[in-house]
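Peer 1: Dropping a structure here in C-alpha cells format, bear with me for questions.
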Amino acid sequence: MVKKKRKKLYLIDGSNNFYRSYYAIRGLTTSDGLATNALYGFIQMLRKLLREHKPDAIAVSFDRPARTFRHEIYPEYKADRKPMPDDLSIQLPLVLELLEGYRIRVVSQDGVEADDLLGSLACRARDSGYEVVIATSDKDFFQLVGDGISVYHTGREKMLDADAVEESFGLPPEKVVDVMAIQGDSIDGVPGIPGIGEKGAKDLIREHGSLEAIYANLDAVGKKSHRKKLEEHREIALLSKDLVTLRCDLEPSIDLDSLALTEPDNRKLHELFRRCEFQSLMQETMPDRTLDWTPVIIESPEELGERTAGEKELAIHVSGSPTGEPRIVAFSSDRDQALVVNAGAEGMGKALSSLFESGKRFIAHNIKSAFHLMAKAGWSLPADFEDTMLISYVLRPGQYGHELESIVREKLVRDLIEIPADSPQLELGGDGSESGVRAAADRAESTLELFRSLNGDLENDPSLRSVYETIEKPLVPVLQRMETAGIRVDVDFLSEMSKRFSKRLDELEERIYGEAGEEFNINSPSQLGSILFEKLGYPIIRKTRKTKGYSTAVEVLEELAARGYPIPALILEHRELHKLKSTYIEAFPGMIGPDGRLRTTFNQAVAATGRLSSSEPNLQNIPIRTELGREIRKAFVAEEGHVIMSADYSQIELRLAAHMSGDEDMIDAFRGDIDIHRRTAARMFGIDERLVNSDQRRAAKTINFGVLYGMSAFRVGNELGIPTSEAKAFVQAYFDRYPKIRTMLDATLEEARSTGKVTTMFGRVRYIPEIRNRSFTVRSNAERMATNAPIQGSAADILKIAMIRLDEHLQKSSSRTRMLLTVHDEIVFEVPEEELGAIEKDITRVMESVATLSVPLSVEARWGRSWFEAKQ
C-alpha cells in the first residue's frame with residue numbers, strides 16, 4: 001500500500017523575518033523617500049520559499065503590542081526592547097498588504113505571543129497529519145523540532161531537522177530550553193543565571209541532562225562557581241525556563257484547511273509593487289491584457305485625410321526600418337480607433353507631410369526619435385507637439401526610467417504588445433490583426449492615455465509646467481538638428497594616434513615587466529596586487545571592502561607614485577592610454593557616417609540634475625584633465641572653409657552661488673571682473689590680493705568649488721595634500737568670509753529635509769528621498785546632492801535656454817553656422833569663416849543675456865580648425 005504524502009504547512013515567523021530584512025538591506029527607498037528595504041527583503045524571502053519549497057498551506061504571525069502571560073510572571077520581560085524604528089514601522093502595513101495580495105493568512109491574537117501561536121499551530125497541524133516547517137532565524141523554535149516539525153532557517157537558507165539542530169546547536173532540540181534558561185536572553189529580557197554564558201550552559205546540560213536534574217543533584221555540579229550561582233538563582237532559572245518555553249497547548253480558532261495556499265491576487269500585488277517602485281516585480285505581476293480593438297489600416301492618402309480631418313490632436317508612433325526610414329505610422333485620438341498608415345504606399349509620404357504641417361497637435365513618447373525618422377523621409381516636422389517622455393522626466397526626474405514600457409506599466413498597469421523580431425519586414429494589409437501592426441497601434445493608444453494622465457499631473461504644478469513648456473519641449477528640435485548635423489572626424493589622425501598609443505603601451509609594458517622582474521597580466525588587479533605588495537613589498541595603502549584583497553585603485557596608485565615608487569606611475573599611464581585607445585580612438589571610426597561625420601544622441605530624460613547627457617558615443621566623457629585626453633579633441637575638425645567655435649560659460653556655478661546667496665563680496669568680485677579665486681584666497685588668508693601666491697589661489701579654488709558640492713574637510717585635504725585639520729580651518733575661514741554662502745547651503749538642506757526635494761531658479765525639482773535615510777553614509781551623500789542640485793540644475797537650465805535662443809537666432813538670421821555639440825557648460829559650433837566676426841558677437845550676446853542675475857554671465861568664445869584648437 002502506497003503511503004499517503006503528507007501536506008506541507010509553512011508557518012512564517014513574521015516579526016523575525018521582518019526585522020531581519022530591515023537590517024539585511026539598507027538604504028532602499030522610493031523616489032519620494034518611502035523606506036522599502038524591510039518590505040523588499042520580506043518579499044524575496046517569501047518568493048524564494050514559495051518557489052523552492054512549494055507549500056500546500058501557509059500562515060504568517062506577527063506580535064501584537066498587548067501584554068502576555070510572560071509579562072504577568074516577569075514584568076521586566078522585553079522591557080528594554082527599543083521601539084520599532086520609524087522607517088520600519090511604516091513598512092508593516094505594506095507587508096500586511098503584500099500578504100493580502102498573496103492571499104496568505106495572518107494569524108494573531110491579543111494577549112498571545114506570536115511564537116506561542118505558531119508553536120501551538122505547529123503541534124496541532126503535526127498531530128493532524130501535516131508536515132510542518134517554521135520559517136525563522138530565531139533559535140527559540142529549535143525546541144519544537146522533531147518528528148513532523150522542522151525549522152527552515154531563513155538566514156542560512158537551510159532546513160533543520162532534529163539531527164541538524166543538534167549539529168548546529170550542539171544539543172538535541174529537547175535540550176534547547178534548558179540551555180536558554182541558564183544562559184538567558186538579553187534581547188528578550190530573560191534573566192537566566194548571571195555569570196553563566198552559552199558554553200557553560202551547554203556543558204551543564206550536556207553533563208546533567210536538564211535544569212531539573214541539575215537542581216535534583218546540585219552537589220554533583222563540579223565547577224564551584226557554577227554551583228554557587230545555580231544555588232543563588234534557582235528561582236530565576238526556573239522562571240527563565242517558563243519564559244523561554246513555547247506554548248503548544250493553545251487552541252486558536254483557526255481552521256487548518258483555511259490556510260491552504262491559493263493563487264495570488266496579481267492586480268493587488270502589482271499596485272503595491274508599483275507604489276514601491278519594484279520594477280521587475282511589477283512586470284511579473286502584470287495583469288493579463290485583453291485587446292478589445294483592432295486598428296484601421298490606411299492604404300490611401302484620401303482615406304488618411306478623411307480619417308484625420310476633424311482631429312485637433314493625435315497621438316503618434318512612428319516605426320522605422322533597419323535603414324532608418326519610416327515604415328508605418330500609427331495614430332490615436334479620443335474620437336476614433338487607432339489608425340495605422342503604410343508609409344510606403346503611393347502618395348502617402350506627401351499626405352503625411354501635409355498632415356504634420358496642418359497645425360494639429362501631435363503627441364509622442366520621445367518625439368525626437370520620431371522627428372529623425374520623419375526628417376529622413378523628407379516630411380515636414382510638426383510645430384505643435386507634446387512629449388510624454390519629457391513630461392514624465394520633469395515630474396519625476398530621479399525615477400528609474402522614462403521609457404514608454406516602464407511608464408505604461410506604472411501608470412496604465414499593463415504591458416505593451418511586443419514588437420515581433422521580424423517587424424521591419426512586416427507588410428501592412430488584412431484586418432490589422434498582425435502583431436507588428438497592433439504593436440504600433442498599441443504604442444500610439446498608450447501614448448494618448450499617458451498624456452491624459454501625466455498632463456493632468458503637470459497642470460497641478462505651474463513651476464514644472466513652465467520648465468516643460470519653456471525649456472524641455474522647445475529644446476527637442478534643437479537637439480534633433482544638432483544630432484543630424486554631427487561633427488566631422490579626422491580618421492587619418494585617429495589612425496596615427498592609435499599607432500602612437502600602441503607603441504607607447506608596448507614601451508610601458510616592457511618597463512613595467514622590467515621593474516617587476518616578470519611578466520604578468522597588467523589589467524588583473526589581483527596579479528598587480530601580488531606583484532606590488534607581496535613580491536616588491538610596497539606599503540599596503542588599502543584593502544578592498546568585499547574581498548579584502550590588495551586595492552590597486554587609482555587613488556592607491558597615485559599615492560604610491562607620489563612616494564616615488566616606479567611601477568604605479570607606469571600603470572596609471574598604461575591605464576589611461578589603454579582606456580583612451582579602446583573607448584575612443586579605436587571605437588570612433590566604426591561610428592562615422594559616409595559623410596565623415598560622427599553623430600551622438602543627446603539624452604534629455606536621464607540626469608536627475610537636468611543636465612544633458614550623450615550616448616552612442618558619449619562625447620561628454622572624453623577626458624579633458626590630462627594632456628592625452630585633450631589630444632583626442634584634435635580629431636574633431638571643421639569642414640573646409642569653416643572653423644570650430646567653442647563658447648563656454650565661465651564659472652557659471654560660482655556666479656549662480658553669488659546670485660542665489662546674495663553675498664555682497666562675491667557679487668562685487670564678479671561685477672568688477674576680479675579673479676574670484678584670488679579674491680577668495682585674500683579673504684581666507686587675510687592678505688592683500690596682490691600677495692596671493694599660486695598655492696593659496698589653488699586652495700581657494702578647491703574650496704570655492706568644493707563647498708558647492710558638499711566636499712568634506714577630509715576630501716579638501718586630499719585634494720590639496722594637507723592634513724584634515726588644516727583643511728577644516730580653510731573651510732571655516734571660507735565660511736567666515738562668505739557667511740551668506742553658508743546660510744544658502746543650510747537653507748537648501750533644510751528645504752530638502754522638510755520637503756524631500758530642492759528646486760532650481762527656474763522651478764525644476766530634484767527629489768532627494770535619501771536625505772531622511774537612517775544610514776549616515778547614504779544620508780551624507782544625499783546632503784551633498786541636495787547642496788549642489790539647485791546650483792547645478794540652474795546652470796543646466798541656463799545652458800538649455802541658451803541653446804534654444806541660439807537656435808532661434810541662427811534660424812532667423814539665415815546663418816550657415818550650426819550648433820554641433822554641448823558638453824556641460826560649453827556649446828560647440830561649426831562656423832563659416834566669413835561669418836566668424838559677427839557670429840562670435842551674436843553667440844556671446846545671446847548666451848550672456850539668457851538670465852538676469854545680480855552678477856553678469858560671462859562667456860568665453862574661441863575658435864580653431866579643431867575642437868582642440870578652439871579650447872586653447
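Peer 1: According to the Cα gyration tensor, what semi-axes, each the square root of 5 times an eigenvalue, does the equivalent ellipsoid of region 658-804 have, listed from largest to smallest in whole Å?
Peer 2: 27, 21, 12
Peer 1: Also: What is the angle, in °, between the Cα long axis of helix 92-101 and the longest principal axis of the Cα atoms in the chain? Nearest 10 is fine, range 0 to 90.
Peer 2: Between helix and principal axis, roughly 90 degrees.
Peer 1: While we're on this one: Write down, largest first, the equivalent ellipsoid semi-axes of region 774-872 in whole Å, where each equals the square root of 5 times an eigenvalue of the alpha-carbon gyration tensor.
Peer 2: Output for region 774-872: semi-axes of 33, 16, 12 Å.
Peer 1: Which angle between 0 and 90 degrees, to the nearest 10, do you get for helix 676-685 versus the longest principal axis of the chain when only C-alpha atoms count?
Peer 2: 50
Peer 1: Quick check on region 268-409: what are the equivalent-ellipsoid semi-axes from the Cα gyration tensor, as sqrt(5λ), descending, whole Å? Kindly include the intermediate steps, with their values, before the conclusion.
Peer 2: Details: eigenvalues 190, 61, 40 Å².
Taking √(5λ) for each Cα gyration eigenvalue gives 31, 18, 14 Å.
Peer 1: Now a separate question. Between residue 67 and residue 725, what FRET efficiency follows from the Cβ-Cβ distance if R0 is 51 Å, with the result rounded to 0.05?
Peer 2: Efficiency, from the Cβ-Cβ distance: 0.45.
Peer 1: Which loop trypsin sites (Lys or Arg not before Pro) in region 96-127, with loop taken from DSSP, have no more than 16 other Cβ atoms within 10 angstrom of their Cβ?
Peer 2: Taking region 96-127 and a limit of 16 other Cβ atoms within 10 Å, the loop trypsin sites (Lys or Arg not before Pro) found are 103.
Peer 1: Mean separation of Cα pairs under 8 Å and 6+ residues apart, divided by the residue count of the chain: what relative contact order is that in percent?
Peer 2: 10
Peer 1: Once you have the Cα-Cα distance between residue 345 and residue 463, take 0.36 nm times their residue separation minus that, and quote the gain in nm to one decimal.
Peer 2: So the extension gain works out to 38.0 nm.
Peer 1: Next up: Can you give me the angle between helix 836-848 and the longest principal axis of the chain, using Cα atoms only, in degrees from 0 to 90, rounded to the nearest 10?
Peer 2: Helix 836-848 sits roughly 40 degrees off the main axis of the chain.
Peer 1: Please tell me the relative contact order of region 725-872 in percent, rounded to the nearest whole number, where contacts are Cα pairs under 8 Å and at least six residues apart.
Peer 2: 13
Peer 1: Further question on the same structure: With viscosity set to 1.002 mPa s and temperature to 20 °C, compute the Stokes-Einstein D of region 246-342, Rh being the Kirkwood radius across alpha carbon pairs; µm²/s, no decimals. Each step should come with its number before you reach the end.
Peer 2: Working: Rh = 18.7 Å.
Roughly 115 µm²/s, to the nearest whole number.
Peer 1: Fully extended, how many nm does the chain gain between residue 553 and residue 530 (0.36 nm per residue separation, minus their Cα-Cα distance)? If you can, show how the numbers build up before the last one.
Peer 2: Numbers: separation 23, 0.36 × 23 = 8.28 nm, distance 1.40 nm.
Result: 6.9 nm gained on full extension.
Peer 1: Run the paramagnetic zone check for residue 198: 7 angstrom along Cα to Cβ, then residues of region 24-42 with backbone nitrogen under 20 Å.
Peer 2: What the label zone holds, given the 20 Å backbone N cut-off, is 24.
Peer 1: If r is the Cβ-Cβ distance from residue 591 to residue 418 and R0 is 30 Å, what FRET efficiency results, to the nearest 0.05?
Peer 2: Once rounded, the FRET efficiency stands at 0.55.
Peer 1: Can you pull out the GluC sites (Glu not before Pro) in region 318-401 whose DSSP state is coil and whose Cβ has at most 16 other Cβ atoms within 10 Å?
Peer 2: Working: sites: 346, 357, 386; in loops: 346, 357.
Sparse-neighbourhood loop GluC sites (Glu not before Pro): 346, 357.
Peer 1: In addition: Taking the Cβ-Cβ separation of residue 23 and residue 44 as r and a Förster radius of 22 Å, what is the calculated FRET efficiency to the nearest 0.05?
Peer 2: That pair, residue 23 with residue 44, gives E of 0.95.
Peer 1: Not counting ligands, DNA or RNA, and with a 1.4 Å probe, what is residue 6's accessible surface area in Å² rounded to the nearest 10?
Peer 2: Approximately 80 Å² for this residue.
Peer 1: Please work out how much accessible surface residue 153 shows to a 1.4 Å probe, ignoring ligands, DNA and RNA, in Å² rounded to 10.
Peer 2: About 20 Å², rounded to the nearest 10.
Peer 1: What per residue convex hull volume, in Å³, do the alpha-carbon atoms of region 489-531 yield?
Peer 2: It is 70 Å³ per residue.
Peer 1: Relative contact order (percent) for region 122-251, with alpha-carbon contacts under 8 angstrom and 6 or more residues of separation?
Peer 2: Relative contact order here is 20 percent.
Peer 1: Also: Report the rotationally averaged projected area of region 778-821 based on its alpha-carbon convex hull, in square nanometres.
Peer 2: Directional mean of the projected Cα hull area for region 778-821 stands at 3.8 nm².
Peer 1: If you don't mind, there's one more thing I want to ask. In vacuum, with every alpha carbon of region 667-718 counted as one equal point scatterer, what does the Debye formula give for log10 I(q)/I(0) at q = 0.21 Å⁻¹? Two decimals, please.
Peer 2: Taking Cα atoms of region 667-718 as identical point scatterers yields -0.75.
Peer 1: Next up: Of 127, 140, which has the most accessible area and how do the rest follow, probe 1.4 Å?
Peer 2: 127, 140
Peer 1: May I ask for the Kirkwood hydrodynamic radius of region 103-234, worked out over all distinct Cα pairs and given in angstroms to one decimal?
Peer 2: Values: mean 1/r = 0.0617 Å⁻¹.
Result for region 103-234, one decimal place: 16.2 Å.
Peer 1: With a 1.4 Å probe and all protein chains left in place, how much accessible area per residue does region 1-59 have, in Å²? Display every interim value, and only then the final one.
Peer 2: Details: 2860 Å² over 59 residues.
Heavy-atom SASA per residue in region 1-59 reads 49 Å².
Peer 1: Can you compute the modelled spin-label distance between residue 187 and residue 753, with each label point 7 Å from Cα toward Cβ, in nm?
Peer 2: Using points 7 Å along Cα→Cβ, the separation is 3.2 nm.
Peer 1: Then there is this: At 0.692 mPa s and 37 °C, plugging the Kirkwood radius over alpha-carbon pairs of region 14-54 into Stokes-Einstein gives what diffusion coefficient in µm²/s?
Peer 2: Here the translational diffusion coefficient equals 309 µm²/s.
Peer 1: Another question, if that's okay. Could you work out how far the C-alpha centroid of region 596-640 sits from that of region 811-853, in angstrom?
Peer 2: 18
Peer 1: Give me the percent of accessible area attributable to carbon and sulfur for the chain, probe 1.4 angstrom.
Peer 2: 48
Peer 1: By what distance, in whole Å, do the Cα atoms of the chain stretch along each of the three principal axes, largest value first?
Peer 2: Principal axes ranked by extent give 110, 80, 59 Å for the Cα atoms.
Peer 1: Find, among the GluC sites (Glu not before Pro) in region 492-575, those assigned to loop by DSSP (not H, G, I, E, B) with at most 15 other beta-carbon atoms within 10 angstrom.
Peer 2: Passing sites in region 492-575 are 518, 519.
Peer 1: Among 199/228; 701/740; 8/241; 473/841; 634/701; 7/54, which pairs are too far apart, with a Cα-Cα distance over 21 Å? Write down the numbers at each step before the final one.
Peer 2: Numbers: 199/228 17 Å; 701/740 18 Å; 8/241 30 Å; 473/841 27 Å; 634/701 28 Å; 7/54 10 Å.
The answer is 8/241; 473/841; 634/701.
Peer 1: Oh, and also: In the structure displayed, which of 350/376; 202/229; 48/175 lie more than 21 Å apart, Cα to Cα?
Peer 2: Result: 48/175 exceed 21 Å.
Peer 1: Find the all-direction average of the projected area of the Cα convex hull for region 1-142, expressing the result in square nanometres with one decimal place.
Peer 2: 10.5
Peer 1: Would you check the accessible area of residue 333, probe 1.4 Å, heavy atoms only, in square angstrom rounded to 10?
Peer 2: The accessible area of residue 333 comes to roughly 10 Å².
Peer 1: Work out, step by step, the length gained on full extension between residue 815 and residue 383: first 0.36 nm times the residue separation, then minus their alpha carbon distance; give nm to one decimal.
Peer 2: Length difference between fully extended and current span is 153.4 nm.
The values are calculated or read from the model by the stated rules, or taken from the named source; none is laboratory data. Source: prediction; values computed, not measured. Positions of Cβ are backbone-derived with ideal geometry, glycine not excepted, and every protein chain shown enters the neighbour counts. These area figures cover heavy atoms from the full protein model, side chains too; ligands, DNA and RNA do not enter into them. Shrake-Rupley method; radii C 1.70, N 1.55, O 1.52, S 1.80 Å.
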